[in-house]
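Colleague: Right, I'll just put the structure down here and ask away after.
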Amino acid sequence: MSEPFNPDAYGIDTLGVRAGTLRTGEFMEHSEAMYLTSSFCFNSAAEAAARFANSEEGYTYSRFTNPTVSMFQSRLAALEGAEACMATASGMSAILSVALATLQAGDHLVSSRSIFGSTMTLFNSILAKFGVETTYVDGTDLAAWRAAVKPNTKLFFLETPSNPLTEVSDIAAVADIAHNAGALFVVDNCFCSPALQQPIKFGADVVVHSATKHIDGQGRVLGGAVVGKHDFIMGKVFPFVRTAGPTLSAFNAWVMLKGMETLAIRMERHSQSALAIAEFLESHPAVNRVFHPALKSHPQYEIAQRQQSGGGAIVSFELKGDSPEAMRAAAWRVIDSTKLCSITGNLGDTRTTITHPYTTTHGRVAPEAKAAAGISEGLIRLAVGLESVEDLKADLLRGLGQ
Ligand SMILES: *Cc1c(COP(=O)(O)O)cnc(C)c1O
């Protein structure tokens, strides 16, 4: 449909707006078309048979092949510097697809402990039911990853930077440990997006995405993706999605194709604004600690500088207080005094969101586990959007006091 496009020949800004575009010869449309069709017609019974047998390329049925979804997949693969991508209905179904496509009863996986809540529930409640056991480690502790390996370890799962404290793990070092153990190394790249971090360059085998977050970036639709080597995606993930059906809709794929066109420019601004807010908070007397990977005070600042081209949108900060009750009151006062920030658990939006992890996103986590992960009553997580930084500072100052 369109001329060959070699992703290796272009920079990330170009890939975001041009990679993966398919154009029909009939209409020569400039912007990508949205193909809202569940199935595709064949010229003959023989052609239908060849398409279904995979002996001839072409579209058959949108549970597993659709041109709009193909464009989304090619563009995201290009941005991640990967050979291939399989889109899914959500970030959770991307993680589920990798797990079910690669693991079986009796297998073991090692995961960083600061991961998205539903990912932990998926490992603990659903995979466990099918005989897959999970060991959690401090993602920044290389010795802990090494020590967690067992003879039946098949998969390493890492989220970096972590939620909500933005802990940064050394992707290349964890990749070495995973590969020595013969395990598949999967990185959830939701917080950075490929605009700031490309885990495959540092040795990850597979990248999973909640495209719901920065890839859409405007809080509109759900989507997910699995990115990796061609043989892995087409040999393991594609057959799973084709059969099980956690498929990305063409409409959502189209929305997120448009999202990818502004991804690099948004991530750059998110990172700049978040760092400015983090520095402002660090100098405020009511604030105890601030967490953002681009702050010099961040414990893994050096690693973040090496593997990320920006700190990302997330800033977490802890308010001072003599007791847990006083810390919660201070945090809730800041949240409730905002007029601009949206009080919501989502992140990766053009609009700044603010949340109290202790009682919301991590509300179901046991108090001891929260303490171990450093999530206190005084902690606030901001996902800095694209508003004017001065307006955001003024919004936070309302509850912080001058
Ligand atoms: C939101 C999120 C997910 C899950 O994605 P959905 O699209 O909501 O299913 C997975 N990982 C991380 C880090 C997330 O923030």
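What follows draws every value from the coordinates through simple rules; no lab data is involved. Just so you know, these numbers come straight off a predicted model, no measurement behind them. Here Cβ is always computed from backbone atoms with ideal geometry, including for glycine, and neighbour counts include all displayed protein chains.
Colleague: Given R₀ = 56 Å, what would the calculated FRET efficiency be for ARG333 paired with HIS230, taking r from the Cβ atoms and rounding to 0.05?
Modeller: The computed FRET efficiency comes out at 0.60.
Colleague: Only bridges with both residues in the chain count here: give the DSSP antiparallel percent, nearest 5.
Modeller: 55
Colleague: Would you mind computing Rg(Cα) / (2.2 N^0.38 Å) for region 249-314, counting N as its residues?
Modeller: Working: Rg = 15.3 Å, N = 66, 2.2 N^0.38 = 10.8 Å.
Here the answer is 1.42, to two decimals.
Colleague: Okay, next question. At each listed q (0.28, 0.29, 0.30 Å⁻¹), what is the log10 of I(q)/I(0) that the Debye formula gives for region 203-264 modelled as equal alpha-carbon point scatterers?
Modeller: -1.14, -1.16, -1.18
Colleague: In terms of the ratio Rg/(2.2 N^0.38 Å) built on C-alpha atoms, what value belongs to the chain? Numbers along the way, then the final one.
Modeller: On the way: Rg = 21.8 Å, N = 402, 2.2 N^0.38 = 21.5 Å.
So the Cα radius of gyration is 1.01 times the expected 2.2 N^0.38 Å.
Colleague: Normalise the Debye intensity by I(0) for region 1-66, one equal point scatterer per Cα, no solvent, then take log10 at q = 0.16, 0.22, 0.27 Å⁻¹ and round to two decimals.
Modeller: Once normalised to I(0) and log-transformed, intensities are -0.73, -1.05, -1.16.
Colleague: Working out 0.36 nm times the residue gap between ALA326 and CYS41, then minus their Cα-Cα distance, what length gain in nm do you get to one decimal?
Modeller: Separation in residues times 0.36 nm, less the Cα-Cα distance, equals 96.1 nm.
Colleague: Give a residue-ordered list of calculated ³J(HN,Hα) values for region 118-126 (Karplus: 6.51 cos²θ - 1.76 cosθ + 1.60, θ = phi - 60°; whole Hz; x for Gly, Pro).
Modeller: 3J(HN,Hα) across region 118-126, in whole Hz: 5, 5, 5, 5, 4, 5, 6, 9, 9.
Colleague: In 5 Å bins starting at 0, how do the alpha-carbon pair distances of region 146-272 split up by percent?
Modeller: Bin by bin from 0 Å, the calculated values are 2, 10, 18, 20, 20, 15, 9, 4, 1.
Colleague: Give the order of ILE354, ILE12 when sorted by the count of other beta carbons within 10 angstrom, beginning with the fewest.
Modeller: The order, fewest Cβ neighbours first, is ILE12, ILE354.
Colleague: Based only on Cα atoms, what Rg/Rh ratio does region 135-193 have, Rh being taken as Kirkwood's radius?
Modeller: On the Cα set of region 135-193, Rg over Rh gives 0.95.
Colleague: Projecting each Cα onto the charge dipole of region 7-261 (Lys/Arg +1, Asp/Glu -1 at the beta carbon, about the Cα centre), which of GLY20, ILE126, GLN197 comes out farthest on the positive side?
Modeller: With unit charges placed on the Cβ atoms, the residue in question is ILE126.
Colleague: Separate question: When only alpha-carbon atoms are used, what values of Rg and Dmax, in angstrom, describe region 82-165?
Modeller: 12.9, 36
Colleague: Using C-alpha positions alone, give me the convex hull volume of region 82-239 per residue in cubic angstrom.
Modeller: 102
Colleague: Enumerate the residues in region 78-96 having an amide nitrogen under 20 Å from the point lying 7 Å beyond the Cα of THR360 toward its Cβ.
Modeller: From region 78-96, the list is 91-92.
Colleague: Determine the gain in length on full extension of the stretch PHE27-ASN124; use 0.36 nm per residue of separation and subtract their C-alpha separation, reporting nm with one decimal.
Modeller: The PHE27-ASN124 span can extend by a further 29.9 nm.
Colleague: GNM on the chain, C-alpha springs below 10 Å: top fluctuator among MET86, MET256, MET327?
Modeller: With Cα springs under 10 Å in the chain, the top fluctuation among MET86, MET256, MET327 is at MET327.
Colleague: Cα centroid distance between region 300-344 and region 128-179, in Å?
Modeller: Here the answer is 25 Å between Cα centres.
Colleague: Taking springs between alpha-carbon atoms closer than 10 angstrom, which of ALA77, ALA211, ALA373 fluctuates most in the Gaussian network model of the chain?
Modeller: ALA373
Colleague: Working only with C-alpha atoms, what are the Rg and Dmax values of region 244-402, expressed in angstrom?
Modeller: Answer for region 244-402, Rg first and Dmax second: 16.8, 55 Å.
Colleague: Right, here's the next one. Using DSSP to call loops (not H, G, I, E or B), can you name the trypsin sites (Lys or Arg not before Pro) in region 315-385 whose Cβ has at most 10 other Cβ atoms within 10 angstrom?
Modeller: Details: sites: LYS320, ARG328, ARG333, LYS339, ARG351, ARG364, LYS370, ARG381; in loops: LYS320, LYS339, ARG351, ARG364.
The qualifying sites are LYS339, ARG364.
Colleague: Right, another one. Would you mind working out the magnitude of the charge dipole of region 7-261 relative to its Cα centre, with +1 at each Lys and Arg C-beta and -1 at each Asp and Glu C-beta, to the nearest 20 Debye? Don't skip to the answer; put the middle values down first.
Modeller: Numbers: 17 positive and 23 negative charges, 101 e Å.
Charge dipole of region 7-261: 480 debye, to the nearest 20.
Colleague: Can you compute log10 of I(q)/I(0) for region 39-91 with the Debye formula, treating each Cα as one identical point scatterer, at q = 0.17, 0.18, 0.24 Å⁻¹?
Modeller: -0.61, -0.67, -0.92
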